[in-house]
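Participant: Have a look at this one.
Nothing in this text is a laboratory measurement; each read-out follows from the coordinates by a stated rule. Just so it is clear, the structure is predicted and the values come from calculations on it, not from any experiment. When we count neighbours, we look across all protein chains shown, and the Cβ atoms used for this are built from the backbone with ideal geometry, even at glycine.
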Amino acid sequence: MTALLFISHDRIAAGINQFDERCLWVVRNTMTSEQAIDEMIEFADENGFNNLLVQVRGRGDAYYRSQLVPRSALLLDPFFDPLAYIIDRAHAKGLNVHAWVNVYLVWSTENRPRALHHVYNGHSDWIDTNGNDTATLFNKENEIAGEGYFLAPHHPKVNKHLLAIFRELTALYELDGLHLDYIRFHDAEYGNNVDAKTYYYQNRYNHNKPVFDNENNIEWDTYRRSAITNLIKETKQMLLDVRPDCKLSAAVKPNLPMARNRYFQEWDVWLAAGYIDWVMPMNYTPDISKFAENIDIIYDHLPRKYRDRIIMGIALYNQDELAAIDKIRYTEITNFKGISLFSYNVIVDEPDYARQLFK
């Protein structure tokens, strides 16, 4: 039992218990043993959290039993089911469990996955590319490191594949929520997957590849944006059929216009159309003025009835305890009903951080 587990509930109560929804992100490397999971659940219970976002799909793999997705190589015990164990222990404490899945991001090293049926190996033609028709992790020209390899959201087979994974996951486990992360394009210049663009040309331009002028670029952006929205819409409908009480949430870029125009996440539309229950803006900047600016943009673009379904994301990994506390307080005074802290791993690695944060 680690010392961080004995933080007084009374000390944190004034900090986060004023929020209706109190979410804790749990990264997958905390889910490889029963002891680590037990400590995490006890910490969450003792310190006022009521929702756990547990990462069960990191890089196209599974931290649960699946017929569709290869088991994570980090799980050394072939009989251990982390998700089943978490659900059993968390529900006993009254905690909700949301399966956190990285959607389009499927791999992030130069070495291929070991599992032959990993999507990166089995469907390399589904991987998206940028304007140079490359999907590399590192752009040598400008020395900017990429995030990894993404599936092409507008490929005609990709969303069907993902929807089947989500259906299997939510049908097999008594989940309280399904949380979608990396539900976006890699960046604005991506979308050049050959099969996806060919499909687009054939259906929009009668097999003739058009010259992309400004009007066609607007249509192309709309097309890419709709691919993301369609997966959100279809996932919500699937949940209504399979597990109606399971909430659908998504991690989104916090600046609404940037989310829409650069990453093709029109999360205001998702809220207004009722396709999603919660959005979690990753308002992870350590700068309080930028944090507030992102909230100002939300106020400018969304009526209050939609803002009530926003869970404000706050980072712990890139700022000290006092800066994180400032973000929590600002979220309270701007009348958001929930927060999500990223992530529990910081609390494990730095117990002193936890003591000060929840003081």
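Participant: Taking θ = phi - 60°, what integer Hz values does the Karplus form 6.51 cos²θ - 1.76 cosθ + 1.60 yield along segment 88-105, in sequence order, with x for Gly and Pro?
Facilitator: Computed from phi, the couplings for segment 88-105 are 4, 6, 5, 5, 5, 9, x, 9, 7, 10, 10, 6, 8, 10, 7, 7, 8, 6 Hz.
Participant: Moving to a separate point now. Roughly how far apart, in whole Å, are the Cα centres of segment 75-138 and segment 279-351?
Facilitator: 26
Participant: Give the Kirkwood hydrodynamic radius (Å, one decimal) of segment 250-359, defined as one over the mean of 1/r across all pairs of different Cα atoms.
Facilitator: Every distinct Cα pair counted, the radius reaches 14.4 Å.
Participant: Turning to a different aspect of this structure: Distance cut-off 22 Å, Cα to Cα: go down the list K290/K327; K233/K290; K233/K327; K236/K305 and report the pairs above it.
Facilitator: Beyond 22 Å between Cα atoms: K233/K290; K233/K327.
Participant: Share of Cα-Cα pairs in the chain beyond 34 Å, in percent?
Facilitator: Tail of P(r) above 34 Å: 26 percent of Cα pairs.
Participant: Please list 41-47, 54-60 highest first by mean number of surrounding beta-carbon atoms within 10 Å per residue.
Facilitator: Ranked by mean Cβ neighbours within 10 Å, highest first: 54-60, 41-47.
Participant: Stokes-Einstein at 25 °C, 0.890 mPa s, Kirkwood radius from Cα pairs: D for segment 283-329 in µm² s⁻¹? Show your work: numbers first, answer last.
Facilitator: Working: Rh = 11.3 Å.
D, rounded to a whole number, is 217 µm²/s.
Participant: At 7 Å along the Cα-to-beta-carbon direction for both N217 and E332, put a label point, then send me their distance in nm to one decimal.
Facilitator: For N217 paired with E332, the spin-label model returns 4.6 nm.
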